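The values are calculated or read from the model by the stated rules, or taken from the named source; none is laboratory data. Remember, it's a predicted structure, so these values are computed and weren't measured experimentally. Positions of Cβ are backbone-derived with ideal geometry, glycine not excepted, and every protein chain shown enters the neighbour counts. Please note that ligands, DNA and RNA were not included when accessible areas were found on the heavy atoms of the full protein model with its side chains. Shrake-Rupley method; radii C 1.70, N 1.55, O 1.52, S 1.80 Å.
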Amino acid sequence: MTLAIVLAGGSAAAGLPTRSGGTLADRLAAQCRLAGADEVRFAADLDELAALVDVATGPVLVTGADLVAHGAVLRHLATSPVGPTVALVLTDPPGAGRTVVREERGQVVEAGPAQTLNGDATGVFGGALRVGADDLPSLAAAARAVAAGTVLPPVPAATPGSPATPAASQAPAGPASDVDRLFAGLAVLGTLVFAHRVRLLVAHRVGDAAELAAAEAAVDAVNEDRAELRLSVKERDDFFSTYCVSTWSPYLVRVAARLGLGPSTVTVISILFAVGAAALFAVGGGRMALVAGAVLLYLGFVLDCVDGQLARYTRNFSAWGGWLDTMADRAKEYVVYAGLGYGATQAGHRYGWALAIAAMTLQTVRHMTDTWYGALHDEAARRPRPAGTGGGGIGDRLNAASTRVQADTGSLSYWLKRTVVFPIGERWALVALTVALFNPLVSLIAVLVWGTLAFAYTGALRTLRARWMWVPVLDTVDATLHRDDGPLAARLPVVRPVGPLTLAVIGALGPAALLALGLAAVRSDGAADGLRWLLPVALLVLLLGGLGAGAAHNGPLDWLVPAALRAGEYLFAIAVGVVGDVPPGLIFGYVFLLTVHHYDLTARLEKRQAAPPLHAATLGWDGRSVLLCLAAIVGFAGIGMATLGSYLLVVFVASVVLAWVVLPARAARASALAVRTGGGAPG
């Protein structure tokens with residue numbers, strides 16, 4: 001249940017009459033209802049707001065009484081999927097008493113009067129915010145503290161020569177409204193707040209009848225539905241997606257919305273297109289089949305963009321839809337790699353499957369570094385470096401250069417930076433073009449070459465920047481969960497002086513060496529069975545990664561630990577397959593299941609969700625590797641890999657059913673029972 005509170009305290013605009021009839025405060029209340037609020041209340045002051053928040057059981061939408069905006073602005077704010085607590089941020093010059101903000105990576109890292117931000121403001125608080133249920137105690141505490149005058153220091157007087165941006169220097173002194181002081185107080189208390197920017201639509205805060213009339217005219221001048229359709233497209237996307245997909249995909253979005261299709265339905269259809277493309281790549285049948293597969297692949301990617309655009313257009317967001325979209329993206333890509341590998345093998349190329357396995361492994365390890373570098377950057381934004389640090393070092397210069405390039409939207413350097421990292425759109429485009437013009441083997445080689453170069457480029461720059469930031473991001477989460485440690489790693493002694501990253505990298509080198517020897521043996525005499533005695537040695541080296549499980553992951557590069565552990569496990573599984581003469585398709589299938597398991601973990605990390613219900617049953621990277629090694633030593637590597645893979649598939653499916661069907665239904669029944677018996681919502 002969503003509660004909306006219109007906070008009229010300190011606002012002279014609340015009683016202004018609007019052209020549609022009624023006051024501005026009444027208009028905002030009606031817009032809150034259209035935005036999805038189940039109940040709308042007015043609060044005269046912050047103490048009254050705190051009392052309303054105390055009894056709220058769901059998200060709370062708070063707005064001042066001076067906001068003039070399209071109704072879609074509040075609806076977008078109320079349904080924003082970026083985080084539980086989101087604030088409206090405008091680009092208007094700050095008026096008297098307005099709160100300004102400084103944001104990094106979409107997070108509000110500082111808020112207060114313009115004079116206190118020393119010219120670092122990036123926007124102005126728009127007078128409205130949505131507060132998630134978990135942050136309601138902080139909202140109530142901030143309201144009471146601000147009302148009592150115990151949170152915010154008095155606004156300092158501007159001094160001659162003090163640094164200020166043009167916007168800040170234009171901010172006149174004056175008393176802040178209650179909603180401005182409330183938001184600043186919430187930020188001071190350390191609540192994580194995400195910024196919601198207004199694009200294409202109109203939102204302004206007004207103080208008198210003239211400003212109200214001007215704002216209403218600006219609202220009327222913009223077609224709301226047309227703007228919402230354009231807003232369904234990401235503000236910043238990759239080159240191929242921007243110019244070859246988003247130029248026409250909004251038309252499909254409108255059609256899908258009129259047909260009543262949901263985003264998840266579109267996701268499923270895109271999966272079918274990708275599977276069809278993979279099948280055409282696999283069976284061959286000549287140039288026309290490859291071209292048809294390339295067309296299906298392109299259309300599947302278009303639909304992959306449409307599902308997110310449809311979710312933004314219809315405001316149909318859900319945890320399930322976000323999880324499904326993330327998992328489907330990776331599964332579709334790797335199914336296509338499988339089709340390319342099989343097709344290349346059928347065409348007589350000996351290393352078709354090997355290239356497909358290498359492409360999948362490389363891409364997964366890259367994604368693990370992407371996920372954790374993003375988490376690192378978000379954490380760094382929440383922990384601004386103290387003044388005077390950085391000192392113009394290489395990390396500082398790289399950070400400044402990256403910021404300049406990202407700000408130069410549409411320039412050649414901007415597009416080069418976004419393209420060289422080989423994003424999903426460019427990967428799909430490269431596969432489609434190379435397979436249509438050449439063959440599956442060339443396509444896999446192209447993916448591997450560009451992927452390797454992109455990995456080297458991003459890895460080098462991110463390493464330098466991470467050393468400069470020095471943020472222990474893994475220490476902020478359950479490191480054991482995201483390392484994917486099993487019971488064996490948990491019982492190994494801890495070697496703290498070496499460091500968890502060094503141990504994980506050393507652990508991956510053993511399987512890598514064995515795999516190299518195995519591939520050399522296969523190439524020379526067609527079999528690597530004679531290397532079976534080296535499997536225990538490679539396993540022992542791999543298990544060195546477990547010696548860092550209990551150590552603090554607070555080094556500047558320890559965000560790379562999950563990727564290093566993934567690389568070690570995948571390389572060991574592939575080495576077992578090569579030494580044990582396992583069919584390459586089975587090796588691909590087993591590693592594919594491992595990637596699905598690990599993407600499930602990262603998807604939950606990105607969606608701020610708990611561990612999968614049956615995570616302990618997956619045995620951990622250490623347990624799975626030990627079982628594979630034992631099976632290979634006794635001569636049953638293929639049977640062992642097939643059995644363990646089937647087991648992981650069953651556990652994954654059961655975990656998905658539990659997480660998204662059984663447990664939510666059980667929670668809904670418990671909540672309904674509590675309401676019927678007068679017990680209230682469960683805590």
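Accessible surface comparison of Ile639, Ile271, probe 1.4 Å, protein chains only, largest first: the order is Ile639, Ile271. For Ile394, the accessible surface of its heavy atoms amounts to roughly 90 Å² (probe 1.4 Å, protein chains only, rounded to the nearest 10). Computed about its Cα centre, the charge dipole of the stretch 440-591 is approximately 360 debye, with only Lys, Arg, Asp and Glu carrying charge at their Cβ.
Scanning residues 5 or more positions from Thr85 or on other chains, those with amide H under 5 Å from its amide H are Gly132, Phe194, with H placed 1.01 Å from N in the peptide plane. Positive end of the dipole of the chain (Cβ unit charges, origin at the Cα centre): among Ala289, Ser249, Val522, the Cα lying farthest that way belongs to Val522.
Summarising the strand pairing of the chain, around 60 percent of its internal DSSP beta bridges are antiparallel. Between the amide H of Gln107 and those of Ala195, distances stay under 5 Å, these residues lying 5 or more places away or on another chain, with hydrogens modeled in the peptide plane.
With the cut-off at 1.5 for a/c, could you classify the stretch 1-151 from its C-alpha gyration tensor as rounded, prolate or oblate? Because its axes are fairly even, with a/c under 1.5, the stretch 1-151 counts as rounded. You can think of it this way: the chain between Arg669 and Ala133 has 191.0 nm of extra reach, that is 0.36 nm per residue less the Cα-Cα gap. Ordered from largest to smallest accessible area (heavy atoms of protein chains, 1.4 Å probe), the residues Arg496, Arg130, Arg666, Arg236 come out as Arg496, Arg666, Arg236, Arg130.
Between 0 and 90 degrees, the angle of helix 561-579 with respect to the longest Cα principal axis of the chain falls at about 20 degrees. From the largest down, the stretch 228-320 spans 44, 27, 23 angstrom on the principal axes of its Cα atoms.
Of the residues Trp621, Trp470, the one with the largest accessible area comes first in the ranking Trp470, Trp621, computed with a 1.4 Å probe on protein heavy atoms.
Shape class for the stretch 529-660: oblate, because the ratio a/c of the largest to smallest gyration tensor axis (alpha-carbon atoms, square roots of eigenvalues) is 1.5 or more and b/c is at least a/b.
Between the Cα long axis of helix 352-382 and the first principal axis of the chain there is an angle of about 30°, rounded to the nearest 10. Subtracting the Cα-Cα distance of Leu509 and Arg491 from their residue separation scaled by 0.36 nm leaves 4.3 nm.
Per residue of the chain, what 222 nm ellipticity follows from adding -39500 (n - 2.57) for every DSSP H run with n ≥ 4, rounded to the nearest 500? Don't skip to the end; give the middle numbers.
Details: 27 runs with 404 residues, N = 683.
Here the helix-only value at 222 nm equals -19500 deg cm²/dmol.
Site pair Arg404 and Leu448 shows an inter-label distance of 3.9 nm when each label is modelled 7 Å from Cα along Cα→Cβ. Taking 7 Å steps out from each Cα toward its Cβ at Val498 and Arg523 produces label points 3.0 nm apart.
Calculated FRET efficiency, Ala552 and Ala148, Cβ-Cβ r, R0 56 Å, to nearest 0.05? Write down the numbers at each step before the final one.
Working: r = 39 Å, r/R0 = 0.70.
Working from the Cβ atoms, E equals 0.90.
How high is the FRET efficiency between Leu481 and Ser20 when r is their beta carbon distance and R₀ equals 56 Å, given to the nearest 0.05? Before the final figure, lay out the partial values.
Working: r = 52 Å, r/R0 = 0.93.
Calculated value: 0.60.
Principal-axis analysis of the Cα atoms of the chain puts helix 24-34 at an angle of about 30° to the longest axis. Of Ala356, Val578, Phe183, whose Cα points farthest to the positive end of the dipole of the chain (charges on the beta-carbon: +1 Lys, Arg; -1 Asp, Glu; origin at the Cα centre)? My answer, from the dipole projection, is Val578. Net charge dipole, the stretch 13-147: roughly 400 debye, given to the nearest 20, about the Cα centre with Cβ charges of +1 for Lys and Arg and -1 for Asp and Glu. For Trp372, neighbours were defined as the other residues whose beta-carbon sits under 12 Å from its Cβ, and their charges (Lys and Arg +1, Asp and Glu -1) total -1. Given R0 = 35 Å, the distance between the Cβ atoms of Ala516 and Thr419 translates into a calculated FRET efficiency of 0.65.
Rolling a 1.4 Å probe across all protein chains gives Phe422 an accessible area of roughly 0 Å². Along the stretch 109-122 the Karplus relation, 6.51 cos²θ - 1.76 cosθ + 1.60 evaluated at θ = phi - 60°, assigns HN-Hα couplings of 9, 7, 8, x, x, 4, 5, 8, 8, 6, x, 9, 5, 10 Hz to successive residues, with x for each Gly and Pro. The stretch 480-508 and the stretch 22-81 have Cα centres separated by 49 Å.
Full extension from Leu412 to Leu658: what is 0.36 nm times the residue separation minus their Cα-Cα distance, to one decimal in nm? If you can, show how the numbers build up before the last one.
Values: separation 246, 0.36 × 246 = 88.56 nm, distance 4.77 nm.
Fully extending the segment from Leu412 to Leu658 adds 83.8 nm.
Taking only alpha carbon atoms, the chain gives an Rg to Rh ratio of 1.00, where Rh is the Kirkwood radius. Accessible area of Val275 (1.4 Å probe, protein heavy atoms only, ligands and nucleic acids ignored): about 70 Å².
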